[in-house]
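The values are calculated or read from the model by the stated rules, or taken from the named source; none is laboratory data. Owing to the predicted nature of the structure, the values given are computational and were not obtained by experimental measurement. A quick note on method: Cβ atoms are made from the backbone with ideal geometry, for glycine too, and the neighbour counts reach across all protein chains shown.
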Amino acid sequence: MADLKINFAGIIAPNPFWLASAPPTNTGYQVMRAFEAGWGGAVWKTLGQPIVNVSSRYGALNYKNDRMMGLNNIELITDRPLEVNIREMKEVKERFPNHALIASMMFETKEEWHDCIKRCEDVGVDGFELNFGCPHGMCERGMGSAVGQNPDVCEKITSWVMEAATKPVIVKLTPNITDITKAGLAAQRGGANAVSLINTINSVTRVDLETFEPMPSVNGYSTHGGYCGPAVKPIALNMVSALAAHPDFHLPISGIGGIETWRDSAEFILMGASSVQVCTAVMHYGFRIVTDMITGMSDYLDSKNMKAIEDLVGHTAHRVKRWEELDLNYKVVAHIDPGTCIGCQLCYIACEDGAHQSIALQEGTRVPAIKEESCVGCNLCSLVCPVDDCISMVKVNTGKEKLVWAEHPANPHQIAAIH
Amino acid sequence: MIEISIKETTRLLPIPEEATLTKSFSNIKPALSAGEAMIEASRCLFCHDAPCTQACPSSIDIPMFIRQIMSQNPKGAAKTIFTQNILGKSCASVCPTQVLCEGACVYNDMNEKPIDIGRLQGFATDYAIENNIRFFQKGQPTRKKVAVIGGGPAGLACAHELTVLGYEVVVYEAHEKAGGLNAYGVAPYKFTNADAAEEVDYVSQIGFTIKTKTRVVAQTEETTSSSDYHTVLLNDLEKDYDAIFLGMGLGESKKLGIPGENLPEVQGAAEFIYQLRKEEQKISVGRRVVVIGAGNTAIDAAVESAKLGADVQVLYHRTAQDQSAYDFEVAHAKAANVKFCYLVTPSEIIGSQHVEGVRCLQNEVTGVDDRGKSKINPILGSEFVLPCDMVIYATGQEKQVRFYHSISGLTLEHGKILVNPNYQTTHPKYFAGGDCVNGGKEVVNAVAHGRDAARGIHRYLLGEKN
Ligand SMILES: Cc1cc2nc3c(=O)[nH]c(=O)nc-3n(C[C@H](O)[C@H](O)[C@H](O)COP(=O)(O)OP(=O)(O)OC[C@H]3O[C@@H](n4cnc5c(N)ncnc54)[C@H](O)[C@@H]3O)c2cc1C
Ligand SMILES: Cc1cc2nc3c(=O)[nH]c(=O)nc-3n(C[C@H](O)[C@H](O)[C@H](O)COP(=O)(O)O)c2cc1C
Ligand code: SF4
Ligand code: SF4
Ligand code: SF4
């Protein structure tokens, strides 16, 4: 059986499944329950100067019958005194010496950072995470995403931390930025040992159509909050891949954003992460979900004849390329399996009204037919089809060599690009 | 009073064609495809302290295995199931889920269809069994031996758990095949002989011995006629083994004690079903069958007769509200065209050479007794004869009391073996579980007993050493 143990930038953990810094890591009670349930590590709810929270705090996007496809919050960092957090971190480390306990922090001055680092190291934490990502409340005070969005400040604060920290330091990046690699490289220049991403995305979840209030409402008003949960996974995967594939970026990555199952975790790991962090899924279902993550991951590694998590890391990262590098002579067309088709004709109308008019209805049967000559292979019909594997995208042998945009006849700069 | 004579030739129906049998006995809970399983699993809410798990007598972590199916980890799902219930396959098919896990699912409280837990469980267990994925190994040898009497669900679960705990285990099974009532009792449209054999193979692969065709007897006189079948003396087992588990189930169907019971077409339900399972449904039944009793076994016998082509009448002396059969079983029987006749007591089976009918008395309800059941009184002069060609009596099964009496110090309560929370009997070396302890419940109860009895035996044998 595969070994799930990891060494993430020098932080040893029994498995790659960590709790993200958020309400599930508010207290020692919770973190101990989580470790008992099987989580390999926990990033403590961000420590900082005292703050006050609002009520209410969360809003959600439901998609049809599915609750909490996306979660939004307008909560700040920990609202408990630093001494209490430090004391509970000590208790956790004493009871669970082999689990990874990471202190997340957000301060303003160098002295504050240094003081907190010292106190955390004294109680035996295994590493630090610098919260440069919180998109609300803290950035207005020049912290959180205000740091993450400014590479120079990010680099400077990271270097402050590195002066004091003897344990590995992870910089947590904000997705509220145009190019994530700028922030990642700044952290690397500042001397960080690793990065984690993503934090939450700026958002307003909903408007109440009766009262006209934005949600979540605090006495009729709201503020832009941080979005997370299954809906943000594609955004997070993209950002992880951007860093993992960047030629100048060499730090380990802890993947965060919409992770709920071993499958999600495996995708992040294939994309280049070597640990993963979870918040929303635990807020939805509790700590027990980690059982499925552990058994599923270990069976998956076995099925791939892999012995350890590190064997899985990054296999997909180099496959995310620039558009110009893709083969323009590669072609697929849709194929409908008449045996499993239920005749809903969603594929037909999707293609007819929403794509390329390449599906025809047929006399005497509700099974539509693909017009292969005009099908551009966009995937849409296979995405709307409610039956698994009913529409498959089949490779067409064009008999042509690989051709990228630079060499394409339609490219006005073609000659220049080749020569 | 009507007396009807029946022509010899119409008495028994021919055995139906193979194809007809296959169709009429097809599985009532067909397997889910991977796609169907995904969709159903995605509906589960992953409840905390889930009511479905609480309602499962073997305490399977239902939300967990369903989540594992949802995340496309059927192997992990099977492990979650088998960790609690090594007979998870048969339970998936035969459990009365409507009154157990599915009956407790929170969706019922939203007036929505509960999660199809049984079929999801079948999906995961079939995946593991078909791919021969095994999760348990023989434990560190303890150098102790345990005999298990009875190869039914209780015995198999006990033997498996004992093997995991490092014991040398031999299961003694009187019949040709192990599996107990999974092989010889439950309805074949729930669980087939092939299913039963597959499950026994899967469970026993861990490495305990099953001696089939071997009945454990109290005295040497009780030898069997066929040379193929053996007997073993209980005394010898007591000498050879460190502990003994009794998982012998129940005994023969209880006789009615009315005249005419010895006519050839009168059979106990358990014996009728035994024959049906043994012959893979290739048996003939009367053209008109009367089933006496309205418990789940009666209903099974009635439905099976109907599927073999008979006109079936169920007779019950009390009312529909009093019958012990589950509502969904009764509904299933009605869908199979079984007729129910309530407030009727049979007084005699009539016929000279063959069954010709049942003489009955009509009852009236006079009140309610302290168990909440109707009090009844026969109506004077209400006698009538229900013509029929075959009678199946299903008013309960005997307990193997004579055998139990041969074990000194064993205490019985209404014929059921008395055990403590470790499933230890009042004779310290003997443990017991399943139908012989609870008087006849479900397969899943027997499995839970067998598993926990194994742990009880382990504690007992550890304690003995220290
Ligand atoms: C007709 C019928 C239908 C049923 N349908 C269902 C159903 O749909 N779902 C459900 O959950 N439950 C059902 N049950 C109940 C279920 O089958 C039992 O609760 C369960 O099988 C009990 O398991 P057990 O191991 O205690 O006993 P059994 O299954 O009865 O097994 C006992 C075994 O011990 C053997 N044995 C007995 N004496 C000796 C001896 N002296 N030496 C050697 N071997 C011996 C027997 O041959 C038998 O194989 C049904 C029962 C009947 C009778
Ligand atoms: C209510 C809530 C509070 C959070 N608080 C913090 C925090 O204090 N510090 C931090 O670094 N991230 C915080 N996060 C962000 C999470 O750690 C995580 O990065 C984000 O939720 C994405 O992961 P998910 O999709 O698994 O939820 C918070 C998220 C939520 C929902
Ligand atoms: S989840 Fe708990 S804290 Fe939040 S509103 Fe409900 S009861 Fe209150
Ligand atoms: S969407 Fe799928 S199921 Fe519906 S008609 Fe098209 S191919 Fe058939
Ligand atoms: S009660 Fe129903 S919804 Fe809740 S965990 Fe059990 S099966 Fe799932």
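Candidates in segment B:167-202 are the residues that are of a type in the set (Val, Ile, Thr) and under 16 Å from the mean Cα position of the chain (by Cα); of these, the one that is nearest to B:Asp300 (Cα to Cα) is B:Val186. Give the residues of segment A:274-310 that are more than 14 Å from chain B (Cβ to nearest Cβ), in contact (Cβ under 8 Å) with a residue 60 or more places away in the chain and surrounded by fewer than 19 Cβ atoms within 10 Å (Cβ to Cβ), sorted by residue number. The answer is A:Met306, A:Lys307, A:Ala308, A:Glu310.
Conditions (1) touching a Ser or Thr at 6+ places or on another chain (Cβ under 9 Å); (2) among the basic types (Lys, Arg), marked per residue:
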site	(1), (2)
A:Phe8	yes, no
A:Leu19	yes, no
A:Ala22	yes, no
A:Thr27	no, no
A:Ala42	yes, no
A:Lys45	yes, yes
A:Tyr58	yes, no
A:Leu61	yes, no
A:Asp79	no, no
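If we keep just the residues of segment B:90-106 that are closer than 22 Å to B:Glu161 by Cβ and either buried (at least 23 other Cβ atoms within 10 Å of the Cβ) or polar (S, T, N, Q) (or both), which is farthest from the other protein chains (Cβ to nearest Cβ)? Filtering first and then ranking leaves B:Val94.
Identify, please: which residue in segment B:23-57 is within 16 Å of ligand 4 (Cβ to nearest atom) and small (Gly, Ala, Ser) and is, among those, modelled with the highest pLDDT? Among those residues, the one meeting the criterion is B:Ser33.
Going through segment A:156-192 one residue at a time, which ones are polar (S, T, N, Q), in contact (Cβ under 8 Å) with a residue 40 or more places away in the chain and assigned to a loop (DSSP other than H, G, I, E, B)? Show your work before the answer.
From segment A:156-192, those polar (S, T, N, Q) are A:158-159, A:166, A:174, A:176, A:178, A:181, A:188; that's our starting set.
Still in the running and in contact (Cβ under 8 Å) with a residue 40 or more places away in the chain: A:166, A:174, A:176, A:181, A:188.
Within segment A:156-192, A:Thr166, A:Thr174, A:Asn176 qualify.
Considering only segment B:40-53, I want to know if a residue exists there that is more than 13 Å from ligand 5 (Cβ to nearest atom) and buried (at least 20 other Cβ atoms within 10 Å of the Cβ).
In the first step, residues of segment B:40-53 are kept if they are more than 13 Å from ligand 5 (Cβ to nearest atom); the result is none.
No, because not a single residue in segment B:40-53 is more than 13 Å from ligand 5 (Cβ to nearest atom) and buried (at least 20 other Cβ atoms within 10 Å of the Cβ).
Under the condition of being in contact with a Cys (Cβ under 9 Å, 6 or more places away or on another chain) and either within 16 Å of ligand 2 (Cβ to nearest atom) or aliphatic (A, V, I, L, M) (or both), the residues counted in segment A:320-345 number 5. Looking across segment B:34-43 at every residue that is more than 8 Å from chain A (Cβ to nearest Cβ) and over 29 Å from the mean Cα position of the chain (by Cα), the one that is nearest to ligand 2 (Cβ to nearest atom) is identified as B:Ser42.
Taking the numbered list (1) surrounded by 23 or more Cβ atoms within 10 Å (Cβ to Cβ); (2) touching a helix residue (DSSP H, G or I) at 6+ places or on another chain (Cβ under 7 Å); (3) in contact (Cβ under 8 Å) with a residue 40 or more places away in the chain in turn, A:Ile102 passes all entries but (2).
Which residue is farthest from the other protein chains (Cβ to nearest Cβ), if the candidates are limited to segment B:75-89 and must be touching a helix residue (DSSP H, G or I) at 6+ places or on another chain (Cβ under 7 Å) and surrounded by fewer than 24 Cβ atoms within 10 Å (Cβ to Cβ)? Break it down into steps so the answer makes sense when it comes.
Initially, segment B:75-89 is screened for residues touching a helix residue (DSSP H, G or I) at 6+ places or on another chain (Cβ under 7 Å), giving B:75-82, B:85-89.
Subset that is surrounded by fewer than 24 Cβ atoms within 10 Å (Cβ to Cβ): B:75, B:79.
Numbers: B:Lys75: 5, B:Lys79: 7 Å.
Looking at residues that are touching a helix residue (DSSP H, G or I) at 6+ places or on another chain (Cβ under 7 Å) and surrounded by fewer than 24 Cβ atoms within 10 Å (Cβ to Cβ), I get B:Lys79.
Residues considered: A:Val147, A:Val153, A:Val123. Of these, the only one that is without any contact (Cβ under 8 Å) to a residue 40 or more places away in the chain, more than 14 Å from every other protein chain (Cβ to nearest Cβ), more than 16 Å from ligand 5 (Cβ to nearest atom) and buried (at least 24 other Cβ atoms within 10 Å of the Cβ) is A:Val147. Between B:Lys144, B:Lys190, the distinction of being more than 27 Å from B:Ala270 (Cβ to Cβ) and touching a residue at least 40 places away in the same chain (Cβ under 8 Å) belongs to B:Lys144 only. Restricting attention to segment A:238-289, the residues that are among the small types (Gly, Ala, Ser) and assigned to a helix (DSSP H, G or I) add up to 6.
Residue-level analysis places B:Gln68 among those that are within 14 Å of ligand 5 (Cβ to nearest atom) and surrounded by 15 or more Cβ atoms within 10 Å (Cβ to Cβ).
I'd like to check something: does segment A:247-255 contain any residue that is away from chain B (no Cβ under 14 Å), within 16 Å of ligand 2 (Cβ to nearest atom) and among the small types (Gly, Ala, Ser)? Yes, segment A:247-255 has at least one match.
Only one entry in B:Gly122, B:Gly150 is more than 24 Å from A:Thr291 (Cα to Cα) and either of a type in the set (Phe, Trp, Tyr) or buried (at least 22 other Cβ atoms within 10 Å of the Cβ) (or both), namely B:Gly150.
Give segment B:159-182 a look and list any residue that's near ligand 1 (Cβ under 9 Å from one of its atoms) and not in a loop (DSSP other than H, G, I, E, B), or say none. Write out each step before concluding.
Here is the first cut: in segment B:159-182, the ones near ligand 1 (Cβ under 9 Å from one of its atoms) are B:171-175, B:177-182.
Listed by number, the residues that qualify are B:Val171, B:Tyr172, B:Leu181, B:Asn182.
Checking B:Ile283, B:Ile258, B:Ile299 one by one, the residue that is at negative phi and buried (at least 24 other Cβ atoms within 10 Å of the Cβ) is B:Ile299 and no other. Within segment A:252-273, being farther than 13 Å from A:Val313 by Cβ and either within 16 Å of ligand 1 (Cβ to nearest atom) or surrounded by fewer than 24 Cβ atoms within 10 Å (Cβ to Cβ) (or both) holds for A:Glu260, A:Thr261, A:Arg263, A:Asp264. Per this entry, B:Ala310 is not counted among residues that are out of contact with any Asp or Glu (no Cβ under 7 Å at 6 or more places or on another chain) and over 18 Å from B:Asp389 (Cβ atoms). Scanning segment A:333-354 for residues that are of a type in the set (A, V, I, L, M), surrounded by 15 or more Cβ atoms within 10 Å (Cβ to Cβ) and either within 16 Å of ligand 5 (Cβ to nearest atom) or closer than 10 Å to A:Val367 by Cβ (or both) yields a single hit, A:Ile336. Among the residues of segment B:429-460, write down those that are under 20 Å from B:Glu168 (Cβ atoms), assigned to a loop (DSSP other than H, G, I, E, B) and not charged (D, E, K, R). Within segment B:429-460, just B:Gly433 meets the criteria. So is A:Pro338 modelled with pLDDT under 95, in a loop (DSSP other than H, G, I, E, B) and either within 16 Å of ligand 1 (Cβ to nearest atom) or more than 14 Å from chain B (Cβ to nearest Cβ) (or both) or not? Taking the combined requirement at face value, the residue does not satisfy it. Sub-8 Å Cβ pairs linking a first residue in segment B:107-131 that is in contact (Cβ under 8 Å) with a residue 40 or more places away in the chain and among the β-branched types (Val, Ile, Thr) to a second residue that is part of a loop (DSSP other than H, G, I, E, B) and more than 10 Å from ligand 5 (Cβ to nearest atom), at least 6 apart or interchain, are B:Ile117/B:Thr97, ordered by first then second residue. Do we have B:Ser58 as closer than 23 Å to B:Asp116 by Cα and surrounded by fewer than 20 Cβ atoms within 10 Å (Cβ to Cβ) here? No.
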